[in-house]
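J.: Pasting a structure here, questions to come.
The values are calculated or read from the model by the stated rules, or taken from the named source; none is laboratory data. Since this is a predicted model, take the numbers as computed values, not measurements. Neighbour counts are summed over all protein chains in view; Cβ atoms, including those assigned to glycine, are modelled from backbone coordinates with ideal geometry. Note: accessible area is taken over every heavy atom of the protein model, side chains too, but ligands, DNA and RNA are not part of it. Shrake-Rupley method; radii C 1.70, N 1.55, O 1.52, S 1.80 Å.
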Amino acid sequence: MITLSDYFMGRREQYPLQCSTEIERNAVMIVGLANALMTQAETYGVRFQINPRTGSFVSSGWRPASINEQTPGAAVNSKHMTGQAVDLYDPDGELDDWLMTGEGQAALTAIGLWMENPGSTKGWCHVQSIPPRSGKRVFYP
């Protein structure tokens, strides 16, 4: 499972003026939802691995605007900046593959998460706690 510390990746301390109370609340929510998803995925045999770069299951958590600007491929209005998205390390695509099944889609819906299409997220799985503009459970960034 992931912790708030995993999610913030030391950035809360590095950028304290950019981390609002709302971001903190959002982060608590996305971590809880991601942990619920991970727990359910594990019951279906999905194995999670530690990202060697971050030392946790998180590939990318909260991003202050300055970090988001430096992140290749990051959306200008990324939900990572508001604490409403997390990228889970998924080097072999096990989580992405499961999430594209009926059971995985049902889990996303029940838990209240949306995901970027796996074709756009090789090596990680992006989930967020608010729907994209399209409203689709699986969307292209």
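J.: Divide by every residue of the chain the summed helix terms, -39500 (n - 2.57) for each DSSP H run of at least 4, and state the resulting mean residue ellipticity at 222 nm, rounded to the nearest 500 deg cm²/dmol. Could you put the intermediate results ahead of the total?
T.: On the way: 6 runs with 54 residues, N = 141.
Calculated at 222 nm, the ellipticity per residue is -11000 deg cm²/dmol.
J.: Let me ask something else about it. Would you work out which of PRO91, GLN18, GLN70 lies farthest towards the positive end of the dipole of the chain? Charges go on Cβ: Lys and Arg +1, Asp and Glu -1.
T.: GLN18
J.: Residue by residue through segment 61-73, what is 3J(HN,Hα) from phi via Karplus (6.51 cos²θ - 1.76 cosθ + 1.60, θ = phi - 60°)? Round to whole Hz and write x for glycine and proline.
T.: Ordered by residue, 3J(HN,Hα) equals x, 5, 10, x, 3, 5, 6, 4, 4, 8, 8, x, x Hz.
J.: Please turn the phi angles of segment 6-11 into ³J(HN,Hα) values with the Karplus equation 6.51 cos²θ - 1.76 cosθ + 1.60 (θ = phi - 60°), one per residue in order, whole Hz, x for glycine and proline.
T.: 4, 5, 6, 6, x, 6
J.: Near the amide H of ASP90, under 5 Å away, which other amide H atoms are found, from residues 5 or more places off or on another chain, if H is placed in the peptide plane?
T.: So ASP90 has HN proximity to TRP124, CYS125.
J.: Each residue of segment 88-102 in turn: what ³J(HN,Hα) in whole Hz from Karplus with 6.51, -1.76, 1.60 and θ = phi - 60°, glycine and Pro shown as x?
T.: Coupling constants for segment 88-102: 8, 4, 8, x, 9, x, 4, 5, 4, 4, 5, 5, 8, 7, x Hz.
J.: Quick check on packing: order 66-73, 88-95, 8-15 by the mean number of other C-beta atoms within 10 Å, highest mean leading. Before the final figure, lay out the partial values.
T.: Working: 66-73: 11.4, 88-95: 19.5, 8-15: 15.5.
By packing density, highest mean first, the sequence is 88-95, 8-15, 66-73.
J.: Counting only heavy atoms of protein chains, what accessible area per residue, in Å², does segment 47-109 have with a probe of 1.4 Å? List each step's numbers first, then the result.
T.: On the way: 2950 Å² over 63 residues.
Ligands and nucleic acids excluded, the result is 47 Å² per residue.
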